[in-house]
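To start, the structure itself, in structure tokens.
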Amino acid sequence: MLVCVFFLISSLPRSIAAAPTSTCRYTSETKTQSGVRYVCLFYKGKSTWIHVPKRSTSRLSPYEKTKLQAYNEIRKQISSSAPINIKLNFIVSSNFPKDLQSKYIDQINLASLAYDQFFNPNTTINVYFQTEKDEKFIDATPILARNKQDFANFLKEWKLNRSKQHVVGLAASFNDFTGKLEGHTGVIVSSRTSEKIVTLYSEQVVAHEYFHVVQDYFKYKKDQKGYPGGVDEYQTIYRPIFREGSANTVATALSMGSFETYLLFYRALVAENKGEGAWLPFKTLTNKKNVISTLKLMELTRNDPAINFTQFVLGSLAFEWLIAEYGFDAYKKLIYNQSLDIDFNENMRLTLGIDSSQFYSLAANHILEAFKFPLPR
Ligand SMILES: [Zn+2]
């Protein structure tokens, strides 16, 4: 018995022995110790630091192998030569935390290497990094002020020195609202935050908002015509799991730095969205039928007032499966075909030869596997 215990302890990987001993404060809080990335799962008042050890491909589960396939497909898009189409124009506030500024400029440059293939030559993309102290500038800049309701609550929180762990989208579009046809992207953060405070989730926000510029590039003509059917028509063409979910799939693979951190990101994302306090349909994700009906339910935001963030969660998993299964080129075609006057279902049929119901059914098992990740006890 004693020998057994000794064996167990001595065979623990060093990274576990060095796990942070501090209590973490919120899910997705992150810490690097002895070169290992940890993320906090905060559940029922209990905090747990988790990490994903490096393993050889042969030791990955089928679910993780699908993730690796998607991860590699997306990372392959990072070109080794400088962008030839995108012209970046940074508009950075002097209040923006310096460590995040340099990190996010690197993220924009890396994403540009992957996104450049989507644009025609000489496409200007404006990148805004602002804080709660820059409200005057935001109010005087219509392309930013028009989204103010999306981050107004964070402005209030940050002025009270709270919620500093969040990084929020500030702009994400391609249009001619400024009189010139240009892309606009960027984020807003607390002037008092830093790289150490922000969540692991937030690390993909910069590339996520930027990816909306790519998506918009193939829909701005339709945007100019407008959507007489309102939000329903818009979401029928650009399904939220496609627009938000797949922007997360792409941005997460580009931003996590390693495959282990990428796996860690999804574990925290799933943990945060199950169990107590989770959106009710997420509590039913224990069989394929319920996954399919949940994907169907989240097609239109009006089906349930609580649908919002949930689309990012299931959407990122569904498109991760799609990119692993069909390859990035097929996904790219889905983006291009937004420029045709067809809805999402027709786009799927034209591009991949399946309709959205078949897509839900095929991707369901991957989502089920993700939701098997246990919550801390
Ligand atoms: Zn988004």
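The values are calculated or read from the model by the stated rules, or taken from the named source; none is laboratory data. Remember, predicted model here, so these are calculated numbers, not experimental data. As a convention, Cβ positions derive from the backbone with ideal geometry for all residues, glycine included, and neighbour counts pool all protein chains shown.
Within the group THR249, THR301, which residue is farther than 27 Å from GLY45 by Cβ, at pLDDT below 95 and within 16 Å of the ligand (Cβ to nearest atom)?
Numbers: THR249 fails: at pLDDT below 95.
The match here is THR301.
Being under 30 Å from LEU368 (Cα atoms) and surrounded by 20 or more Cβ atoms within 10 Å (Cβ to Cβ) is the requirement here; does THR131 meet it?
On the way: under 30 Å from LEU368 (Cα atoms): no; surrounded by 20 or more Cβ atoms within 10 Å (Cβ to Cβ): yes.
It is false that THR131 is under 30 Å from LEU368 (Cα atoms) and surrounded by 20 or more Cβ atoms within 10 Å (Cβ to Cβ).
Out of everything in the stretch 154-182 that is surrounded by 18 or more Cβ atoms within 10 Å (Cβ to Cβ) and outside any strand (DSSP E or B), what residue ends up being nearest to the ligand (Cβ to nearest atom)?
For the stretch 154-182, the residue satisfying everything is VAL167.
Name, by its number, the condition in (1) of a type outside the set (Lys, Arg); (2) within 18 Å of ALA70 (Cβ to Cβ); (3) within 16 Å of the ligand (Cβ to nearest atom) that does not hold for LEU295.
Condition not satisfied by LEU295: (3).
Anything in the stretch 271-289 that is crowded, with 17+ Cβ neighbours inside 10 Å and more than 22 Å from GLU29 (Cα to Cα)? List them, or say none.
PRO281, PHE282, LEU285
Could you please find all residues in the stretch 204-233 being free of Cβ contacts under 8 Å to residues at least 60 places away in the same chain and away from the ligand (no atom under 14 Å from the Cβ)?
Of all residues in the stretch 204-233, those free of Cβ contacts under 8 Å to residues at least 60 places away in the same chain come to 205, 208-209, 212, 216, 220, 223-230, 233.
The answer is TYR220, ASP223, GLN224, LYS225, GLY226, TYR227, PRO228, GLY229, GLY230, GLU233.
Can you give me the ranges of the helices (runs of 4 or more DSSP H) entirely in the stretch 1-84 with at least 3 residues that are at pLDDT 90 or above? Give the derivation first.
On the way: elements: 2-10, 14-17, 62-75.
Correct list: 62-75.
Give THR193, THR185 a once-over and let me know the one that is hydroxyl-bearing (Ser, Thr, Tyr), away from the ligand (no atom under 16 Å from the Cβ) and in contact (Cβ under 8 Å) with a residue 12 or more places away in the chain.
Numbers: THR185 fails: away from the ligand (no atom under 16 Å from the Cβ).
Result of the check over THR193, THR185: THR193.
Across the stretch 175-229, what is the total count of residues that are more than 21 Å from the chain's Cα centre (by Cα) and aromatic (Phe, Trp, Tyr)? Break it down into steps so the answer makes sense when it comes.
Initially, the stretch 175-229 is screened for residues more than 21 Å from the chain's Cα centre (by Cα), giving 175-182, 191-192, 220-229.
Those left that are additionally aromatic (Phe, Trp, Tyr): 177, 220, 227.
Result for the stretch 175-229: 3.
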